1. For B:Leu23, which of the numbered conditions (1) at pLDDT 85 or above; (2) more than 9 Å from chain A (Cβ to nearest Cβ) fails to hold?
2. Restricting to segment A:271-305, what's the tally of residues that are more than 8 Å from chain B (Cβ to nearest Cβ), surrounded by fewer than 24 Cβ atoms within 10 Å (Cβ to Cβ) and of a type in the set (A, V, I, L, M, F, W, C)?
3. Spot the failing condition for A:Pro70; the list is (1) at the interface with chain B (Cβ under 8 Å from one of its Cβ atoms); (2) not in a helix (DSSP H, G or I), and only one is missed.
4. Kindly indicate which of B:Asp43, B:Asp16 is among the acidic types (Asp, Glu) and either touching a residue at least 40 places away in the same chain (Cβ under 8 Å) or loosely packed, with under 14 Cβ neighbours inside 10 Å (or both).
5. Among the residues of segment B:46-67, count how many are within 11 Å of chain A (Cβ to nearest Cβ) and either surrounded by fewer than 13 Cβ atoms within 10 Å (Cβ to Cβ) or farther than 14 Å from B:Tyr268 by Cβ (or both).
6. Determine, yes or no, whether A:Ser245 is buried (at least 23 other Cβ atoms within 10 Å of the Cβ) and facing another protein chain (nearest Cβ under 9 Å).
7. From the residues in segment B:124-137 that are aliphatic (A, V, I, L, M) and more than 7 Å from every other protein chain (Cβ to nearest Cβ), which one is nearest to A:Tyr273 (Cα to Cα)?
8. Return only the number of the condition from (1) away from every other protein chain (no Cβ under 11 Å); (2) of a type in the set (Val, Ile, Thr); (3) crowded, with 21+ Cβ neighbours inside 10 Å that B:Ile242 does not satisfy.
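The values are calculated or read from the model by the stated rules, or taken from the named source; none is laboratory data. These figures come from a predicted structure and were not determined experimentally. Here the Cβ is made from the backbone with ideal geometry for all residues, glycine too, and neighbour counts use every protein chain on show.
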Amino acid sequence: MLASPNSPFERVTELSMARNVHERRTERQLLLILLPSLALLLAFVIYPALYSVYLSFTNEALTGAAALRPRFVGIRNYARLLNDAKFWNALLVTFLFVVGSAVIGQFVLGLISAVALRRRIHFRRLFSSIILLPNAAPEVVAGFMWISMLAGGEQATLSRIVSFFGVTPADWLQVFPLSMIIIVNTWRGIATAMILLTAGLSTIPNEIYEAARMDGATPSQMFRRITLPLMMPTILLYMLISAVSTIAVFGLVYALTRGGPGGATELVSIYIYNQSFTAFQLGYGAAVAVVALLISLVLGIGYVRAMKVEV
Amino acid sequence: MAVISPSENANKTRSDLLAYATLSLISIFCAVPFFWVLIASLDGNAQLFLRWPEQWTFANYLRVFTKEDGAKWLFNSLFVVGGATVLVMVLAGLGGYALSRTRAWWKLPFLYAILLIRVLPPTALVVPLYKFLLTLNNAEGAILRPIFGEYTRPIMRWTGFIDGYLGLILVLATMQLPLALWIMKTFFDGLPRDYEEAALMDGATLVQRIRRVLIPLALPGLAAAGLFAFMSAWGDFLLPLIFLSSPELQTLPLGLFRAFLRINEIDYGLLAALAFIYLLPAVVAFGFARRFLVQTFAGGVKG
């Protein structure tokens, strides 16, 4: 006789088969509850992203003859892009905007705040709450507040502050438009930099600083030799996150300047909007959008690698 | 033994003073614009610049609701953003659980994909999104019109994809989904499987497990995911700008923006009051979300 039905061997296989069946059913159920999220992302993100690539090869428009019968125009939109001074201007403005506000402004002020808030001083919670506040303001409210701050005329808030220091008042958004939107976006994003950098700072063990202090290191030496090198991974991650989110800024600048005066603050995001919904050139707007998508994706791949996804 | 010399003590005091000084300057920079909105909203004769009111009044707030359609805008914003937030919490709760517990091949590709989706600028997506929603909207209209006739438009106001609540809610929710899925996945990763396995042993079905075990355990994670979705959707200006056009669907950001565009009759007191009403829920939500901020960002740092 072969193994009886009750042999230990048989029972084990039965159990593992039951577990297998059970596991497969669980996996099916898990996929099922993920499905609604997947469907929304496919329909409203992935499909539009791919569709914009298709649109960028057509002369699709919202009005006129092309609106009724859009045609495939090959790479004509991209050829037009290369010779479009306004497009290159938008790229340059976006680049300066990202470097000025995310890479320099938010980073420097966020790092100073993070370092200062590590000291055992009073009102720490109050200070950090105030610094977090601009981040909470909706885009349009932030734009509206700064229209007031930066308004022309001697009585306007910024003009009165600087004339106290002997600087001539100006109509700030007209005279220094790009610098002003950089300052406003810096204002809005100090908190993000501060939070990320605070988290990074807290991973540096205090013993290192104590040892350095024993050896007679000055604070600035400690900052350059210990803090900065150990913070490099955090700084890199911050740079990637803030660069992609700054490229995506639209409402804040649109509410402030709508891209003007004369394209001085026309970010790529605003240029896409103006081409598509003011000039109604959907095909051409899509070509600009594809360029923006590609730039963001390249930065995004760096971000994904820096995140080191844990499974 | 640590012996603190007098010079070291003086050094400490000096750098403390430096910290106070820089933090005060940065705080003033951050806070001044808020002073203007708050003070101007209570000023009977508000101007575009910061000034101390001669008479304090709540009349500006009253006028938001009597002279303008403030109540309608507030309702629309609360309804659309609230709907999107609830949708995000449900979908991200379920999806985040699946992402945390599955061992299937698609787990890693999916996680990479949602990180990449987060970096796509919404402005680059709205053109094709607009075309796609327009197609859906026309299809829906073509189906509903023969059935409901003249009632189609009032129905489409709720269920339409362009210039309707449903379309805006779905798109707003989708834009918040990647971060919410990420938060919930990380949250469930930190929950031991023991509870579920115990429930499984007792023969609980998936639905029972979710309702009796997982939802109670997941509440803090859901709160964080919901707050972040709410704040981001509440502050968003681009999507309502593109997908809404009828006055009766207008939300707070559109109301504020368009009221400001009427150059010749700008009423700064009213605008400031409107801005403050729009600002308040965002600040309150931010206050609640504060303790999750560090976790959410720091979790990102550690990976």
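1. (2)
2. Counting residues in segment A:271-305 that are more than 8 Å from chain B (Cβ to nearest Cβ), surrounded by fewer than 24 Cβ atoms within 10 Å (Cβ to Cβ) and of a type in the set (A, V, I, L, M, F, W, C) gives 6.
3. (1)
4. Working: B:Asp16 fails: either touching a residue at least 40 places away in the same chain (Cβ under 8 Å) or loosely packed, with under 14 Cβ neighbours inside 10 Å (or both).
Going through B:Asp43, B:Asp16 in turn, the sole match is B:Asp43.
5. Residues of segment B:46-67 within 11 Å of chain A (Cβ to nearest Cβ): B:46-51.
Adding the requirement that they be either surrounded by fewer than 13 Cβ atoms within 10 Å (Cβ to Cβ) or farther than 14 Å from B:Tyr268 by Cβ (or both) leaves none.
So the count comes out to 0.
6. Numbers: buried (at least 23 other Cβ atoms within 10 Å of the Cβ): no; facing another protein chain (nearest Cβ under 9 Å): yes.
No, not satisfied.
7. Kept after step one, since they are aliphatic (A, V, I, L, M), are these residues of segment B:124-137: B:124-127, B:129, B:133-134, B:136.
Applying the additional criterion that residues be more than 7 Å from every other protein chain (Cβ to nearest Cβ) yields B:126, B:133-134, B:136.
Details: B:Val126: 9, B:Leu133: 17, B:Leu134: 17, B:Leu136: 22 Å.
So the residue we want is B:Val126.
8. Just one mismatch for B:Ile242, condition (1).
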